[in-house]
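Below is one structure, written out as structure tokens; the observations come after it.
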Amino acid sequence: MESSENIDESWDCTPEEWNDWQWQLENSITNVEELQEHFDLSDQQAQEIEEATNIFPMSITPYYASLIDFDSEYCPIRLQSIPQKSELEESAYEMSDPLHEEEDSPVPGLTHRYPDRVLLLVTNKCSMFCRHCTRKRKVGDSQQKVDLEQIKTGIEYIKDNPQIRDVLLSGGDPLLLDLDVLEEIIVELKEISHVDVVRIGSRVPVVLPQRIDDELISMLKKYSPIWINTHFNHKKELTTTAKKALDRLADNGFPLGNQTVLLRNVNDCPLVMKELMHELVKNRIRPYYLYQCDLSRGIEHFRTSISAGIEIMESLIGHTSGFAVPRYVVDAPGGGGKIPVTPNYVVSSSRQKTVLRNYEGNIVVYTEPEIKSDECPEECNVCTEIEEKADNGETVEPQGVQKLLSEENDEISL
Ligand SMILES: *Cc1c(COP(=O)(O)O)cnc(C)c1O
Ligand code: SF4
């Protein structure tokens, strides 16, 4: 039996129940009355939450709710889980599908935005409704069910497109699927010879760590490697229970990454962010992305300026371990994919020299080499092999700016 140190006393349950992920899901807080059983709400608070819930539903696992410090208005757990009246405010910039995930979708539930990898939605179910969710509109919507048939159509698309070598399972939360369904999807993907990478994006380790049980681990382990990307936004979420789940994943060989969303009052501070990154690394999670908040409906109050993100990156790069530094990205509004943003380190450059500055602000000069010839070594034929594969549709030709730079290119703009 697992330790019961985190059981909240306002829940009348046994430790076995508390540690059972199904119990956690069944007992999720989904309305104001249930919320009031665990927290003292004023009438006005109750009314505001009710109104917000009418637009974006609420769902909080007892475990995640037990981490809320309700006396603190800026409790990061509270801000991510309890509806606020600011969600009702409309913003002039919001969009319902800011990333054009639907436009880049050749078949329903599959987004093919990048040449060699796709995002496959396998469920709309989530273990919690995050107040900052970009896909908020879809997540709580029972009309928008993802069925097995749709997933199979997605898998067929992947089969038919040999340039796809990386499949990201997303949702909703893929780790909430029935294990036999999830297994079937993974088996089918792993059978496709051109698919090298299967990864799962999940918030389960954060809001429902009980789900990382022996059954799940032993099923996933059969198909190793499977990359798992979690979604921790604050150090407070790395509890003893969450750490145990992460240990299980790491001990069983799953490479772990994390994507954090930059959220106002939750983690938009260099110190808070550095603490989170260090805590992730201590738990064998490699920080992967730091996302600028999208222009979705109802999350305007979570947005920060891009300069807030740049300041955070300035405080991380060089100041801490390279692998504790995520890549900061803006997911292009209108659907251009993730655009990396960093502080500037190149100060200037001439044909002979490039002037750079380091994290301390010291300016240095790198002298460029005198290149007499930039021809490739005679015996190398990697590029001709790649061209042949591109002709067979197995790989892709250079695109975008990369194409403009290539020697064969004679176009002058994109
Ligand atoms: C983020 C994303 C991916 C994966 O991108 P990586 O940079 O390889 O992690 C793939 N497809 C879509 C639509 C995405 O948004
Ligand atoms: S778990 Fe992910 S998809 Fe689900 S509500 Fe949270 S952010 Fe949205």
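The values are calculated or read from the model by the stated rules, or taken from the named source; none is laboratory data. Worth saying up front: this structure is predicted, and the values here are computed from it rather than measured. Virtual Cβ from ideal backbone geometry, glycine too; neighbours counted across all protein chains shown. What goes into the accessible areas is simple: the full protein's heavy atoms, side chains included, and nothing from ligands, DNA or RNA. Shrake-Rupley method; radii C 1.70, N 1.55, O 1.52, S 1.80 Å.
Below 8 Å, C-alpha to C-alpha, sequence gap of six or more: please give me the relative contact order for the chain in percent. Please report the intermediate quantities before stating the final value.
Working: 683 pairs, mean separation 54.3, N = 414.
Result for the chain is 13 percent.
The three principal axes of the C-alpha atoms in region 142-184 carry coordinate ranges of 32, 20, 16 Å, sorted with the longest axis first. Distance distribution P(r), region 4-88, all Cα-Cα pairs, bin width 5 angstrom from 0: 3, 15, 26, 25, 17, 9, 4, 0 percent. Note on region 201-232 and region 249-279: Cα centroid distance 17 Å, given to the nearest whole angstrom.
Taking 0.36 nm per residue of separation and subtracting the Cα-Cα distance, what length does fully extending VAL341 through TRP227 add?
Numbers: separation 114, 0.36 × 114 = 41.04 nm, distance 2.44 nm.
38.6 nm is the gain from fully extending VAL341 to TRP227.
Rolling a 1.4 Å probe over the protein heavy atoms of region 1-100, with every protein chain left in place, gives an accessible area that is 41 percent carbon and sulfur. Excluding same-chain neighbours fewer than eight residues apart, the lysines reachable from LYS243 by a Cα-Cα span under 16 Å are LYS235, LYS282. If you line up the long axis of helix 240-251 against the longest principal axis of the chain, both from Cα atoms, how many degrees apart are they, to the nearest 10? On a 0 to 90 degree scale, this one is about 40. As I understand it, the value is the acute angle between the Cα axis of helix 148-160 and the longest principal axis of the Cα atoms of the chain; what does it come to in degrees, rounded to 10? Tilt of helix 148-160: around 10 degrees. Taking the Cβ-Cβ separation of THR153 and MET219 as r and a Förster radius of 30 Å, what is the calculated FRET efficiency to the nearest 0.05? Taking R0 as 30 Å, the efficiency between THR153 and MET219 is 0.80. As an equivalent ellipsoid, region 255-366 spans semi-axes of 26, 19, 13 angstrom, where each value is the square root of five times an eigenvalue of the C-alpha gyration tensor, largest first.
Over region 324-414, what percent of the accessible surface lies on carbon and sulfur atoms, probe 1.4 Å? Reported share for carbon and sulfur atoms: 50 percent. Under 18 Å from a label point set 7 Å out along the Cα-to-Cβ vector of GLN352, the amide N atoms of region 367-406 belong to 367-372. Identify the residues of region 259-279 with backbone N under 13 Å of a label point that sits 7 angstrom from the Cα of GLU314 along the Cα-to-Cβ direction, or state none. The answer is 270, whose backbone nitrogens lie closer than 13 Å to the label point. Every pair of different Cα atoms in the chain enters the Kirkwood calculation, which places the hydrodynamic radius at 23.6 Å. FRET efficiency for the pair ASP43 and GLU17, taken as 1/(1 + (r/R0)^6) with r the Cβ-Cβ distance and R0 = 45 Å, rounds to 0.90.
Scaled to the compact-protein estimate 2.2 N^0.38 Å, what is the alpha-carbon radius of gyration of region 133-285, rounded to two decimal places?
On the way: Rg = 16.4 Å, N = 153, 2.2 N^0.38 = 14.9 Å.
For region 133-285, the normalised Cα radius of gyration comes out at 1.10.
Place the peptides 353-361, 321-329, 145-153 in order of packing, highest mean first, counting for every residue the other Cβ atoms within 10 Å and averaging per peptide. Present the calculation step by step, with values, prior to reporting the outcome.
Details: 353-361: 12.0, 321-329: 16.7, 145-153: 14.4.
Answer by packing, highest mean first, reads 321-329, 145-153, 353-361.
For the chain, the longest principal axis of the Cα atoms and the long axis of helix 306-316 meet at an angle of about 80 degrees.
For ILE200, the residues whose modelled amide H falls within less than 5 Å of its own, excluding neighbours fewer than 5 places apart on the same chain, are LEU169, TRP227, ILE228, ASN229.
When the chain is fully extended, how far beyond the present Cα-Cα distance does SER373 get from LYS243, taking 0.36 nm per residue of separation?
41.4 nm
Partner aspartates and glutamates whose Cα lies under 12 Å from the Cα of LYS85, excluding those fewer than 8 positions away in the same chain, are identified as GLU48, GLU50, GLU51, GLU300. Remark on ARG113: its backbone amide H falls under 5 Å from those of LEU119, a criterion applied only to residues 5 or more positions apart or on other chains, H modelled at 1.01 Å from N. A 1.4 Å probe run over the protein chains yields, for the chain, 52 Å² of accessible area per residue, whole-number rounding.
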